[in-house]
There are 2 protein chains.
Amino acid sequence: MLIATPQSMHFPAALALQSGASIRGYDLSFETYGQLNADHSNAVLVCHALNASHHVAGVYAGQEKSEGWWDNMIGPGKPVDTDKFFVIGVNNLGSCFGSTGPMHINPDSGRIYGADFPVVTVEDWVDAQARLLDALGIETLAAVLGGSLGGMQALGWTLQYPQRVRHAVVVASAPNLTAENIAFNEVARRAIVTDPDFHGGHFYQHGVTPKRGLRIARMIGHITYLSDDVMNEKFGRQLRDTLIGEEGAGAYKYSTQEVEFQIESYLRYQGDKFAEYFDANTYLLITRALDYFDPAQAFEGHLSLALARATAKFLLVSFTTDWRFSPQRSREIVKALLDNRRHLSYAEIDAPHGHDAFLLDDARYLGVMRCYFDGIAKETA
Amino acid sequence: MLIATPQSMHFPAALALQSGASIRGYDLSFETYGQLNADHSNAVLVCHALNASHHVAGVYAGQEKSEGWWDNMIGPGKPVDTDKFFVIGVNNLGSCFGSTGPMHINPDSGRIYGADFPVVTVEDWVDAQARLLDALGIETLAAVLGGSLGGMQALGWTLQYPQRVRHAVVVASAPNLTAENIAFNEVARRAIVTDPDFHGGHFYQHGVTPKRGLRIARMIGHITYLSDDVMNEKFGRQLRDTLIGEEGAGAYKYSTQEVEFQIESYLRYQGDKFAEYFDANTYLLITRALDYFDPAQAFEGHLSLALARATAKFLLVSFTTDWRFSPQRSREIVKALLDNRRHLSYAEIDAPHGHDAFLLDDARYLGVMRCYFDGIAKETA
């Protein structure tokens with residue numbers, strides 16, 4: 001069993017942000033797995049999505065159930081094999097899992113940042129990650145890897161630091177959000193911001209957290225992570241308190257507020273759990289980073305022009321039932337890379353699980369990833 | 001211009017509800033358009049969906065902009081031609097547009113019902129509508145017509161009163177909700193119920209309404225009414241404060257709480273408007289009626305068995321981009337009716353507008369409706 005050890009690094013120099021603001025000295029939490037080889041050519045950076053952290057793989061000593069969020073993908077003998085690669089997981093600025101974020105002290109005011117934490121973008125995260133790599137002595141990544149919002153960071157790396165990335169692996173991602181994607185983010189944000197316990201984002205000093213809003217945000221999120229099909233298969237119209245075949249099965253309680261269907265119970269549980277640990281300001285920041293990402297914007301929407309800078313080799317993966325970041329969105333990236341005659345592989349996996357599929361065990365998906373990373377390892381060796 | 005006149009009728013006898021509860025004397029608001037013919041054979045009942053009322057067609061005298069919600073479909077010379085048909089719009093029990101609902105006095109307690117208003121189902125609405133027809137002297141409907149939740153009522157009519165319906169027109173509807181449909185309803189309900197201004201459903205006496213929750217509910221609703229395509233076409237990633245081509249176009253404000261994109265502005269506006277007039281308890285009741293509707297439930301899920309009772313002729317219509325009630329759901333009804341060798345027509349309209357399409361002007365859709373109702377008129381004449 002891979003034992004993970006969280007680390008933290010302080011960066012005393014200010015980081016200029018895309019917004020024009022800057023962030024004074026900050027900390028990044030990270031973990032590494034495997035050994036950096038002699039010429040520092042086997043490093044793989046893993047970028048996380050909304051609700052994840054630097055704890056990508058392995059478990060913490062003495063905590064059996066503390067698997068990293070991509071533990072099925074990364075570890076000894078796994079598709080991204082830590083016997084071959086030096087893998088780095090890093091928590092992004094503004095997150096709530098250790099790196100400097102809204103619940104930390106603003107050195108300018110001496111008070112908790114809260115809503116005053118500056119808006120951070122995918123590009124800002126990439127810049128901060130690059131400084132971490134500098135500190136670790138890594139000039140060039142064998143690969144940068146991410147799913148969903150993590151895939152946007154991987155794509156961002158190929159544009160901001162094209163010479164520092166040999167391979168970019170972009171899973172279940174998109175070149176920007178659609179109006180519908182932004183709409184879901186906005187509803188979630190409104191639920192948080194209009195919760196009376198939000199206190200304009202300065203709830204910390206009131207001793208409360210906007211849990212009502214966070215619950216709603218998470219419930220909306222979960223609906224968009226799953227496919228309609230898998231929801232029907234897992235929950236369908238099953239009632240919570242009666243099992244099919246039991247006496248009284250199918251008897252409604254006729255209540256508007258009590259849980260009646262299994263799907264309601266599932267969503268409430270997910271919402272409750274999330275609201276206990278996730279920071280509301282982080283939710284706002286991360287969904288905004290998603291909204292803002294749009295490398296084609298500076299090229300009047302022409303993604304092919306935007307990706308001309310990218311020189312990395314690419315693996316793109318999408319999942320047929322992912323309606324949040326549909327295969328069509330990955331194909332847009334594929335098309336833009338082909339327009340630039342770049343080296344790429346693309347796998348469209350016929351998986352039933354919707355957007356969540358990128359975190360799940362699907363033999364074909366894991367097989368594609370293993371095959372691609374084996375190829376990178378051979379180049380590196 | 002068709003001038004509409006709202007009417008109200010009191011029903012002194014208690015109505016037994018599906019839940020086992022009953023509702024004492026109640027009022028139904030309704031409107032009629034056109035003339036009932038001598039043998040009372042030209043009546044068309046229009047059933048409404050979540051956010052609509054008995055005001056289906058025409059305008060109120062002196063109020064030019066007060067068109068009924070289906071005014072493009074129903075009126076003199078329109079697809080459902082009120083020169084030929086006697087059309088009835090009725091507001092359902094539990095709604096907030098005139099018929100007895102949660103904001104009225106509970107005769108048992110002398111206080112406003114609020115959350116004590118009994119849970120009503122599609123079947124209960126159909127029963128109440130049947131009593132209205134009795135009072136109007138209408139034994140048999142030329143047609144019952146509805147879209148979305150209104151389509152469920154039309155289907156319900158063919159099962160509860162098969163001998164009283166010659167034609168059922170079921171538009172953009174479904175034989176029951178999927179887990180995903182229920183999930184969206186549940187998130188909306190949780191947003192309302194957890195709003196501190198909800199006060200357990202008895203907010204009326206507190207002089208407040210749970211507007212925060214209603215806004216969120218409506219925003220979620222709007223996302224599911226539109227197709228991804230039409231959202232991209234109407235809003236895309238356009239920013240609110242800059243027009244494409246203008247100087248400074250595409251400049252972000254870098255804010256998590258301010259409106260940045262047009263889609264956000266649209267959703268907030270829709271949410272604000274809705275929260276001003278819609279009743280929170282009605283929202284809970286109507287979404288629950290949607291959740292509960294499932295004629296196949298008593299037949300272990302076999303819709304064909306459930307629909308064996310239906311003897312009406314059917315027109316079913318669905319829209320290709322409707323992901324709330326997809327064509328697949330209409331096809332399930334078609335299949336079940338074909339299994340019973342029933343007379344039916346089915347039109348799948350290639351419209352871009354998502355679920356909303358059933359309320360919009362689409363020449364093919366309106367043409368299909370006109371053609372079908374012309375046929376009914378010929379039978380009736």
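The values are calculated or read from the model by the stated rules, or taken from the named source; none is laboratory data. Please read these numbers as outputs of a predicted model, since none were measured by experiment. FYI the Cβ positions are ideal-geometry reconstructions off the backbone, even for glycines, and counts take in every protein chain you see. Just the protein is used for accessible areas: all its heavy atoms, side chains included, with ligands, DNA and RNA removed. Shrake-Rupley method; radii C 1.70, N 1.55, O 1.52, S 1.80 Å.
So here's what we get for this one:
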| item | result |
| --- | --- |
| Segment A:ARG370-A:ALA16, length gained on full extension (0.36 nm per residue, minus Cα span) | 123.7 nm |
| Average Cα contact separation per residue, chain B, under 8 Å, 6 or more apart, as relative contact order % | 17 percent |
| Cα centroid separation, the stretch A:82-160 to the stretch A:281-298 (Å) | 14 Å |
| Environment charge of A:VAL90, counting only residues whose C-beta is closer than 14 Å and scoring Lys/Arg +1, Asp/Glu -1 | -4 |
| Globularity index of chain A, i.e. its alpha-carbon radius of gyration over 2.2 N^0.38 Å | 1.00 |
| Inter-copy spacing of B:ALA298 label points, which lie 7 Å from Cα along Cα→Cβ, given in nm from shortest upward | 6.6 |
| Solvent-accessible ranking of A:LEU155, A:LEU36, largest area first, probe 1.4 Å | A:LEU36, A:LEU155 |
| Cross-link partners of B:LYS253 among lysines (Cα-Cα below 23 Å; sequence separation of 8 or more within a chain) | B:LYS234 |
| Antiparallel DSSP beta bridges within the protein assembly as shown, percent to nearest 5 | 35 percent |
| For the stretch B:116-197: relative contact order, % (alpha-carbon pairs under 8 angstrom, 6 or more apart) | 26 percent |
| Heavy atoms of A:GLU186: accessible area, 1.4 Å probe, square angstrom to 10 | 0 Å² |
| Pseudo-label separations to other copies for A:GLU64 - Cα-to-Cβ vector, 7 Å, nm | 7.6 |
| Accessible area (Å², 1.4 Å probe, nearest 10) - A:ARG309 | 100 Å² |
| Inter-copy label distances at B:LEU360 (7 Å, Cα→Cβ; nm, one decimal) | 3.2 |
| Relative contact order %, the stretch A:173-245, counting alpha carbon pairs below 8 Å whose residues are six or more apart | 27 percent |
| Fraction of antiparallel bridges per DSSP, the stretch A:44-190 only, in percent to nearest 5 | 10 percent |
| Accessible surface of the protein assembly as shown [probe 1.4 Å, protein heavy atoms]: carbon and sulfur percent | 51 percent |
| Most to least accessible of A:ARG218, B:ARG288, B:ARG370 (protein chains only, probe 1.4 Å) | B:ARG370, A:ARG218, B:ARG288 |
| Pairwise burial B:A, computed as accessible area of each alone minus the pair, summed, 1.4 Å, Å² | 5000 Å² |
| Residue with peak Gaussian network fluctuation, chain B [Cα springs, cutoff 10 Å], from B:LEU305, B:LEU226, B:LEU159 | B:LEU305 |
| Point-to-point label distance, B:GLU379-B:ALA135, nm (Cα→Cβ direction, 7 Å offset) | 2.8 nm |
| A:HIS199 - accessible surface, heavy atoms, 1.4 Å probe, Å² rounded to 10 | 80 Å² |
| Distance between the stretch A:304-381 and the stretch B:21-35 - C-alpha centres, whole angstrom | 58 Å |
| Long pairs among B:LYS84/B:LYS335; A:LYS78/A:LYS378; A:LYS84/A:LYS378; A:LYS313/A:LYS378, criterion Cα-Cα beyond 20 Å | B:LYS84/B:LYS335 |
| Taking N as its residue count, the alpha carbon Rg of the stretch A:97-184 over 2.2 N^0.38 Å | 1.28 |
| The protein assembly as shown, Rg to Rh (Cα coordinates; Rh as Kirkwood inverse mean 1/r) | 1.02 |
| Chain A: antiparallel DSSP beta bridges as a percent of all, rounded to 5 | 35 percent |
| Accessible area in square angstrom per residue, the protein assembly as shown, 1.4 angstrom probe | 37 Å² |
